[in-house]
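Participant: Take a look at this one; I'll ask things after.
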Amino acid sequence: MSQALYTERSWNPLARTAELTEEGLRRGGKVTPLSELNLPAMAEAFQRGHWLGGGGTERPLDRLAEGGGVVPVTRVTGTTAPVKVQRAAEFARALGELAVRHCGGPAQVHALAEQARAAGVPLWIARRHAQGPAGPVAVAVDRRLVRVDVWGPGAPAVRVRAPLGVLSSTADQAQGLRMTVGEIPAVLCLKRKLRKSKSYAQARLPQGVWELRRADSTSSWLLRDERRVALLQRPPRRRRELDPGTVLLPLAPVRYESPDPFDAVMAQAFAATFGLGDTTGTARFRLQRPQTSGGEPLASDDAWDRPWFSNLGTGGDDNESGGSDGWGSDGGDGGDGGGSDGGDGGDGGGD
């Protein structure tokens, strides 16, 4: 039995007491292994004297109550769950110290933070990876903040934001989305037509024009200057069996038709951002107006101690009702809005 780093007692046998050990976090009868917690993100904030909350919000450690209170715990999926504990400050210190230790110490935590800054993606946002022609392509998505970041070797990073919020197609041909490739802004255009084969999502850049067109009910072709470079497939409604211990949903299947790493990064960015198959020509975000601070999207401070669902997980701990990585109700018209057979619903798949 591992030694408890933080433990609680109660005279009430039904009380949901918390206990933290080197193996995991127990809340009531449920144990969360450390492998499911985003230890680097919590360690980095802790090392700066803060505690990480929902959507990347932070509070100074000295504002945590010595007595009972809520302490947010961040998962590897980017989801944050508020945990009620009897001694909030002590629990946060124990979890923060454990996180730093399991990351390899303060120097390693600092190195991880520098890597995140170089990538332009906070540590709390989950990274998923797909193989590309020149090596792994990283994909980081938070649909509540409306941000997509995709990067890999041999290609500029592709970023999608919505500085004024996600808008209807009648208000803006890009539905409020803005894409940058490296430092260059793309001209986005999304068109959904009654004749589904005529629907498309297009990004126009000096290097070429990338356009997503419907292939069949569940897949779309990505073309670069009218040449096919990748086939993007919507994940099936019924997820295939995943390896035991898998926490993150897999990315959408992408079949490359081009050896260019640039095309691979663009393909993953399109797969993470736009509807596929019968929902080609749509964005996989709800209509919303997120807060911004002159650039990067920010969660409001009151999100700190509230549940923040990324909808990127394989279980209920990470997903709100109907959410499924933008393929469900969290994806607007690009999620379950199409209503066709073969995958337009939102209960399966990855990004």
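The values are calculated or read from the model by the stated rules, or taken from the named source; none is laboratory data. What you are looking at is a predicted structure, and each value in this text was computed from that prediction instead of being measured. Ideal geometry is used to build each Cβ from the backbone, glycine not excepted, and the neighbour counts take in all protein chains shown. Ligands, DNA and RNA are excluded from the accessible area calculation, which covers all protein heavy atoms including side chains. Shrake-Rupley method; radii C 1.70, N 1.55, O 1.52, S 1.80 Å.
Participant: Hey, which of the strands (runs of 3 or more DSSP E) in the range 184-298, taking only ones fully inside, have at least 2 residues that are closer than 18 Å to S324 by Cβ?
Facilitator: Filter on the range 184-298 gives 227-233.
Participant: Given the condition open to solvent by less than 40 Å² (accessible area, probe 1.4 Å), within 20 Å of R306 (Cβ to Cβ) and free of Cβ contacts under 8 Å to residues at least 60 places away in the same chain, answer yes or no: does some residue in the range 9-24 qualify?
Facilitator: The answer is no, given that none of the residues of the range 9-24 is open to solvent by less than 40 Å² (accessible area, probe 1.4 Å), within 20 Å of R306 (Cβ to Cβ) and free of Cβ contacts under 8 Å to residues at least 60 places away in the same chain.
Participant: Go through (1) among the hydrophobic types (A, V, I, L, M, F, W, C); (2) out of contact with any Pro (no Cβ under 6 Å at 6 or more places or on another chain); (3) over 20 Å from A267 (Cα atoms); (4) open to solvent by less than 60 Å² (accessible area, probe 1.4 Å) and name the single condition L177 misses.
Facilitator: (3)
Participant: Only one of R192, R128 is surrounded by 17 or more Cβ atoms within 10 Å (Cβ to Cβ), closer than 26 Å to T74 by Cβ and basic (K, R). Can you tell me which?
Facilitator: R128
Participant: Where the second residue is open to solvent by 30 Å² or more (accessible area, probe 1.4 Å) and among the charged types (D, E, K, R) and the first is farther than 23 Å from W151 by Cα and lies in the range 182-193, which pairs have Cβ atoms under 8 Å and are six or more apart or on separate chains?
Facilitator: Taking only residues 6 or more apart or on different chains, the pairs are K191/K198; R192/D333.
Participant: When you check P163 against the structure, is it free of Cβ contacts under 8 Å to residues at least 24 places away in the same chain and either under 23 Å from the mean Cα position of the chain (by Cα) or part of a strand (DSSP E or B) (or both), yes or no?
Facilitator: Criteria not met by P163.
Participant: Mind counting the residues in the range 44-82 that are under 22 Å from A4 (Cα atoms), among the hydrophobic types (A, V, I, L, M, F, W, C) and within 21 Å of the chain's Cα centre (by Cα)?
Facilitator: Of the residues in the range 44-82, 3 are under 22 Å from A4 (Cα atoms), among the hydrophobic types (A, V, I, L, M, F, W, C) and within 21 Å of the chain's Cα centre (by Cα).
Participant: So G182 ticks every box in (1) within 15 Å of the chain's Cα centre (by Cα); (2) more than 24 Å from G328 (Cβ to Cβ); (3) open to solvent by less than 40 Å² (accessible area, probe 1.4 Å) but one. Which box is left unticked?
Facilitator: Failed condition: (1).
Participant: Test of understanding: among T170, T180, which residue is over 30 Å from R26 (Cβ atoms) and either of a type in the set (D, E, K, R) or at pLDDT below 95 (or both)?
Facilitator: Criteria check complete, one pass: T170.
Participant: In addition: For residues that are crowded, with 24+ Cβ neighbours inside 10 Å and among the β-branched types (V, I, T), scanning just the range 138-167, find the one that is modelled with the lowest pLDDT.
Facilitator: V146
Participant: Restricting attention to the range 54-93, which residues are more than 27 Å from R128 (Cα to Cα) and open to solvent by 50 Å² or more (accessible area, probe 1.4 Å)?
Facilitator: D62, R63, E66, G68, K84, Q86, R87, E90, R93 - these are the residues of the range 54-93 that are more than 27 Å from R128 (Cα to Cα) and open to solvent by 50 Å² or more (accessible area, probe 1.4 Å).
Participant: A further question on this structure: Listed residues G135, G96; which is open to solvent by less than 20 Å² (accessible area, probe 1.4 Å), in contact (Cβ under 8 Å) with a residue 12 or more places away in the chain, in contact with a Gly (Cβ under 7 Å, 6 or more places away or on another chain) and of a type outside the set (D, E)?
Facilitator: G135 is the lone residue from the list that is open to solvent by less than 20 Å² (accessible area, probe 1.4 Å), in contact (Cβ under 8 Å) with a residue 12 or more places away in the chain, in contact with a Gly (Cβ under 7 Å, 6 or more places away or on another chain) and of a type outside the set (D, E).
Participant: Here's another thing I want to ask about it. All but one of (1) surrounded by fewer than 18 Cβ atoms within 10 Å (Cβ to Cβ); (2) under 24 Å from the mean Cα position of the chain (by Cα) hold for G104; state the number of the condition that does not hold.
Facilitator: Against the list (1) surrounded by fewer than 18 Cβ atoms within 10 Å (Cβ to Cβ); (2) under 24 Å from the mean Cα position of the chain (by Cα), G104 comes up short only on (2).
Participant: Select from the range 113-125 the residues that are surrounded by fewer than 17 Cβ atoms within 10 Å (Cβ to Cβ) and in a helix (DSSP H, G or I) and list them in ascending order.
Facilitator: E114, Q115, R117, A118, A119
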